[in-house]
Amino acid sequence: MQAFTKHTGTVAPLERVNVDTDQIIPKQFLKSIKRTGFGDYLFDGWRFVDEGDLGMTPNERQLNHDFVLNQPAYQGASILLARDNFGCGSSREHAVWALQEFGFCVVLAPSFADIFYGNCFKNGLLPVVLNEREIDQLFHDCGQGYSLTVDLERQQVETSAGAIFNFQIDQGLKEKMLKGLDDISMTLAERALIESFEAKHRQSQPWLFLREE
Amino acid sequence: MAARTLYDKIWDAHLVGARKDGNSLIYIDLQLLHEVTSPQAFEGLTLNKRPLWRVDANLATPDHNVPTDQRELGMAGITDTIALQQVTALDDNCKSFGVEQFEILDPRQGIVHVVGPEQGATLPGMTIVCGDSHTSTHGAFAALAQGVGTSEVEHVMATQCLVQNKAKNYAVEVNGELSPGVYAKDLILAIIARLGTAGATGHTIEYRGSTIRALSMEARMTLCNMSIEAGARAGLVAVDQTTLDYVKGRPFAPSGDQWEAAQTYWRTLVSDADAIFDNTLQLRAEDIPPQVSWGTSPEQVAGIDEVVPDPGQFTDPVQVESAGHALKYMDLPAGKAIKDIYLDQIFIGSCTNARIEDLRAVAAIVRGKKLAANIKQALIVPGSGLVKAQAEAEGLAQIFVDAGFSWRAAGCSMCLAMNPDKLGPKEHCASTSNRNFEGRQGHAGRTHLVSPAMAAGAAIAGHFVDVREWL
Ligand code: SF4
């Protein structure tokens with residue numbers, strides 16, 4: 001996984017609450033057996049007027065010019081400004097892959113749904129929780145070319161005017177992001193611990209191991 | 001030891017170790033796999049040359065995008081080439097990793113969350129994961145069952161563990177008797193309406209109270225299924241005789257001495273009397289009428305006697321905005337009576353409501369009647385091949401067909417419309433599934449979440465009716 005330390009980029013505001021993962025990447029795109037190729041279909045139902053399907057390229061599609069990500073002001077944005085409960089609904093990790101492939105590195109919101117939040121850290125997309133007032137202010141200030149710097153080490157979001165918002169983050173998740181660590185290797189480093197737990201577990205609840213050969 | 005909740009007990013029994021960052025390593029007893037969220041995980045293992053930690057702790061079946069008609073064709077019946085690629089990938093991966101699979105033509109194939117309990121693969125006190133958010137279904141068995149993302153699927157495959165911080169405890173207590181014609185589905189919709197879709201974020205819900213104790217296992221599964229729709233990580237119901245009676249004798253369940261030892265342990269899987277919950281919600285069962293969702297979020301529901309609300313009546317500006325959006329999408333005016341909502345399609349199925357009891361409830365309503373003329377299509381999709389066989393043996397399937405329903409083979413079908421079963425744009429559907437999100441059942445389709453009996457009544461009347469009056 002790519003490490004995340006500090007990122008400066010322009011911001012796109014998505015003025016909707018409860019944006020669910022079905023909106024982020026509609027289900028017809030989940031048929032792929034790959035981890036890539038989802039960026040073209042990010043927010044497909046909102047970005048395009050026609051109904052999309054896997055394999056279609058954006059050039060052959062009908063753009064919804066009203067949708068914020070299609071507006072010239074927000075082209076190339078890498079920070080998504082969002083509202084409450086972002087990423088709710090289905091557990092599909094494809095939502096995170098799609099956001100990243102589209103070019104987002106950070107999502108700012110007052111709250112995130114649990115599974116989505118966790119999935120972000122497995123892929124190096126940084127979800128940042130700011131309070132409602134701060135998010136309101138960012139929505140208010142956001143416009144063409146509005147940029148922010150997100151510094152994970154210092155847990156700060158800095159505006160180009162120099163205002164600073166601090167954010168909280170789980171220290172374990174922070175470490176992992178900063179170093180770009182791979183979860184599985186981290187856990188396999190504790191192999192002995194898992195094996196000894198498993199041996200005890202097999203003894204106390206043998207019926208959980210009935211299919212073992 | 002301090003008093004513990006049921007969740008605390010299962011957690012403690014699976015705690016491999018605590019990390020200094022505050023997270024814990026939790027041992028996972030069972031991973032259910034399906035074709036949509038597993039290929040990238042298997043790919044990850046292969047790329048990194050990692051084996052499955054415990055082959056026997058995995059069970060797979062294709063469900064999300066298998067077609068529900070012409071099942072006898074098997075793989076050849078999958079006309080969508082990309083869907084075919086996914087189902088084939090599951091087959092290949094299961095073969096090369098040695099994972100037990102109920103493949104497309106196996107009579108035990110079905111929706112993972114129907115299949116696990118049906119086979120006794122789901123057992124009380126287990127930790128279960130699946131790359132699907134409705135894994136919470138298995139909480140009906142006092143199993144800590146959670147939906148995970150694809151990276152976590154791979155993590156569990158490789159390590160048999162999940163890295164997690166502990167959730168908080170939420171008690172949802174329901175007492176009293178549900179009225180005839182009111183089901184677990186109505187109950188959970190009413191609960192979500194009160195909690196909100198993020199109300200239980202960061203919590204595990206335990207459903208408690210006399211109403212819950214009186215529910216069958218199938219009804220408990222319906223209830224736990226939608227815990228995620230209130231933002232919860234998982235839902236749980238404590239073990240009682242109903243749980244044990246259901247599990248006993250199932251193919252994967254322990255028997256003989258093992259059964260005795262297991263059930264002795266399972267009986268301890270209840271919250272201690274003085275256990276403390278971080279949050280509590282209380283409801284009276286008598287107060288709950290049949291529910292119908294009018295919006296695009298599972299919290300946007302009303303009783304059958306109510307009207308579509310005016311967005312302005314909500315106090316929270318967020319709710320005002322989202323109700324406004326929803327009504328526009330659903331093309332419903334505020335003030336319209338729920339009973340005056342006409343339907344184009346009916347979908348009875350999904351891991352929420354596609355078990356035999358659900359189908360019996362439908363049959364009781366539609367027996368000897370015909371679909372209303374305005375209903376273009378009415379699908380009944382059993383949750384598994386075995387549910388299908390049983391419904392046919394009981395004569396339910398014939399009742400459905402006689403009434404004009406299309407009787408299908410097992411799968412997720414129009415719950416998420418990844419297979420050919422879909423709503424057309426702007427069509428209204430009475431659906432027994434769990435999500436009414438925009439486009440969930442087809443591009444620009446409009447979903448109303450209801451119980452199987454309510455969907456059945458709507459199929460016959462052409463619009464929503466109060467099924468309490470039909471019994
Ligand atoms: S029936 Fe629907 S909710 Fe259940 S597993 Fe299938 S797609 Fe998911």
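Would you mind finding the one in A:LEU152, A:LEU210 that is within 11 Å of chain B (Cβ to nearest Cβ), over 24 Å from B:GLY17 (Cα atoms) and not small (Gly, Ala, Ser)? Spell out how you get there, then give the answer.
Values: A:LEU152 fails: within 11 Å of chain B (Cβ to nearest Cβ).
Exactly one of A:LEU152, A:LEU210 is within 11 Å of chain B (Cβ to nearest Cβ), over 24 Å from B:GLY17 (Cα atoms) and not small (Gly, Ala, Ser), namely A:LEU210.
Give the residue that is nearest to B:ASP106 (Cα to Cα), with candidates limited to residues of the range B:371-418 that are without any contact (Cβ under 8 Å) to a residue 24 or more places away in the chain, among the aliphatic types (A, V, I, L, M) and touching a strand residue (DSSP E or B) at 6+ places or on another chain (Cβ under 9 Å).
Among those residues, the one meeting the criterion is B:ALA397.
Out of all the residues in the range A:154-209, which are surrounded by fewer than 16 Cβ atoms within 10 Å (Cβ to Cβ) and closer than 30 Å to B:TRP266 by Cα?
The answer is A:ARG191, A:ALA192, A:LEU193, A:GLU195, A:SER196, A:ALA199, A:LYS200, A:ARG202, A:GLN203, A:SER204, A:PRO206, A:PHE209.
Please enumerate the residues belonging to the range B:195-227 that are among the β-branched types (Val, Ile, Thr) and at pLDDT 95 or above. Outline the logic, then answer.
Step one: list which residues in the range B:195-227 are among the β-branched types (Val, Ile, Thr), which gives B:197, B:201, B:204-205, B:211-212, B:222.
Result: B:THR204, B:ILE205, B:THR211, B:ILE212, B:THR222.
Scan the range A:167-176 and tell me whether some residue there is closer than 18 Å to B:ASN58 by Cβ, modelled with pLDDT of 90 or more, part of a helix (DSSP H, G or I) and within 9 Å of chain B (Cβ to nearest Cβ).
Of the residues in the range A:167-176, the ones closer than 18 Å to B:ASN58 by Cβ are none.
Within the range A:167-176, none of the residues are closer than 18 Å to B:ASN58 by Cβ, modelled with pLDDT of 90 or more, part of a helix (DSSP H, G or I) and within 9 Å of chain B (Cβ to nearest Cβ).
Out of (1) farther than 25 Å from B:ASP63 by Cβ; (2) within 16 Å of the ligand (Cβ to nearest atom), what's the single condition that is false for B:TRP294?
(2)
For every residue, the table says whether it meets (1) surrounded by fewer than 23 Cβ atoms within 10 Å (Cβ to Cβ); (2) touching a strand residue (DSSP E or B) at 6+ places or on another chain (Cβ under 7 Å); (3) away from every other protein chain (no Cβ under 14 Å).
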position: B:PRO62; (1), (2), (3): no, no, no
position: B:ASP69; (1), (2), (3): yes, no, yes
position: B:MET75; (1), (2), (3): yes, no, yes
position: B:ILE82; (1), (2), (3): yes, no, no
position: B:VAL99; (1), (2), (3): yes, yes, no
position: B:GLY110; (1), (2), (3): no, yes, yes
position: B:MET126; (1), (2), (3): no, yes, no
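Taking the range B:105-137, which residues are within 12 Å of the ligand (Cβ to nearest atom) and not in a loop (DSSP other than H, G, I, E, B)?
Once the filter is applied, which keeps residues that are within 12 Å of the ligand (Cβ to nearest atom) and not in a loop (DSSP other than H, G, I, E, B), the range B:105-137 yields B:GLY110, B:VAL112, B:HIS113, B:VAL114, B:VAL115, B:GLY116, B:CYS130, B:SER133, B:HIS134, B:THR135, B:SER136, B:THR137.
Give the residue that is farthest from the chain's Cα centre (by Cα), with candidates limited to residues of the range B:200-232 that are among the β-branched types (Val, Ile, Thr) and under 20 Å from B:GLU177 (Cβ atoms). So that I can check it myself, show each step before the final result.
Of the residues in the range B:200-232, the ones among the β-branched types (Val, Ile, Thr) are B:201, B:204-205, B:211-212, B:222, B:228.
Next, from what is left, pick out any that are under 20 Å from B:GLU177 (Cβ atoms): B:211-212, B:222.
Details: B:THR211: 19, B:ILE212: 17, B:THR222: 6 Å.
This residue is B:THR211.
For the range A:83-96, enumerate the residues that are buried (at least 24 other Cβ atoms within 10 Å of the Cβ), more than 16 Å from the ligand (Cβ to nearest atom) and in contact (Cβ under 8 Å) with a residue 60 or more places away in the chain.
In the first step, residues of the range A:83-96 are kept if they are buried (at least 24 other Cβ atoms within 10 Å of the Cβ); the result is A:85-96.
Keeping just the survivors that are more than 16 Å from the ligand (Cβ to nearest atom) gives A:85-87, A:96.
Matches in the range A:83-96: A:ASN85, A:PHE86, A:GLY87.
So A:LEU81 ticks every box in (1) in contact with a helix residue (DSSP H, G or I) (Cβ under 8 Å, 6 or more places away or on another chain); (2) within 14 Å of chain B (Cβ to nearest Cβ) but one. Which box is left unticked?
Of (1) in contact with a helix residue (DSSP H, G or I) (Cβ under 8 Å, 6 or more places away or on another chain); (2) within 14 Å of chain B (Cβ to nearest Cβ), only one is false for A:LEU81: (2).
Which of the helices (runs of 4 or more DSSP H) found entirely inside the range B:167-243 contain at least 2 residues meeting this: charged (D, E, K, R)? Break it down into steps so the answer makes sense when it comes.
On the way: elements: B:184-195, B:210-213, B:217-225.
Fully inside the range B:167-243 and qualifying: B:184-195, B:217-225.
Name, by its number, the condition in (1) modelled with pLDDT of 95 or more; (2) facing chain A (nearest Cβ under 9 Å); (3) surrounded by fewer than 24 Cβ atoms within 10 Å (Cβ to Cβ) that does not hold for B:CYS161.
(3)
Being more than 14 Å from chain A (Cβ to nearest Cβ), within 16 Å of the ligand (Cβ to nearest atom), β-branched (Val, Ile, Thr) and closer than 26 Å to B:THR197 by Cα is the requirement here; does B:VAL381 meet it? Break it down stepwise before answering.
Values: more than 14 Å from chain A (Cβ to nearest Cβ): yes; within 16 Å of the ligand (Cβ to nearest atom): yes; β-branched (Val, Ile, Thr): yes; closer than 26 Å to B:THR197 by Cα: no.
For B:VAL381, the condition - more than 14 Å from chain A (Cβ to nearest Cβ), within 16 Å of the ligand (Cβ to nearest atom), β-branched (Val, Ile, Thr) and closer than 26 Å to B:THR197 by Cα - is not met.
Taking the range A:16-45 as the search range and keeping residues that are more than 9 Å from chain B (Cβ to nearest Cβ) and surrounded by fewer than 21 Cβ atoms within 10 Å (Cβ to Cβ), which one is nearest to B:PRO39 (Cα to Cα)?
Ranking the candidates gives A:THR36 first.
Of B:ALA285, B:ALA323, which residue is modelled with pLDDT of 95 or more, touching a Phe, Trp or Tyr at 6+ places or on another chain (Cβ under 9 Å) and either on the phi < 0 side of the Ramachandran plot or among the hydroxyl-bearing types (Ser, Thr, Tyr) (or both)? So that I can check it myself, show each step before the final result.
On the way: B:ALA285 fails: touching a Phe, Trp or Tyr at 6+ places or on another chain (Cβ under 9 Å).
Of B:ALA285, B:ALA323, the one residue that is modelled with pLDDT of 95 or more, touching a Phe, Trp or Tyr at 6+ places or on another chain (Cβ under 9 Å) and either on the phi < 0 side of the Ramachandran plot or among the hydroxyl-bearing types (Ser, Thr, Tyr) (or both) is B:ALA323.
The values are calculated or read from the model by the stated rules, or taken from the named source; none is laboratory data. Computed from a predicted structure; not experimentally measured. Counting neighbours? That spans all protein chains shown, and the Cβs are built from the backbone with ideal geometry, glycine included.
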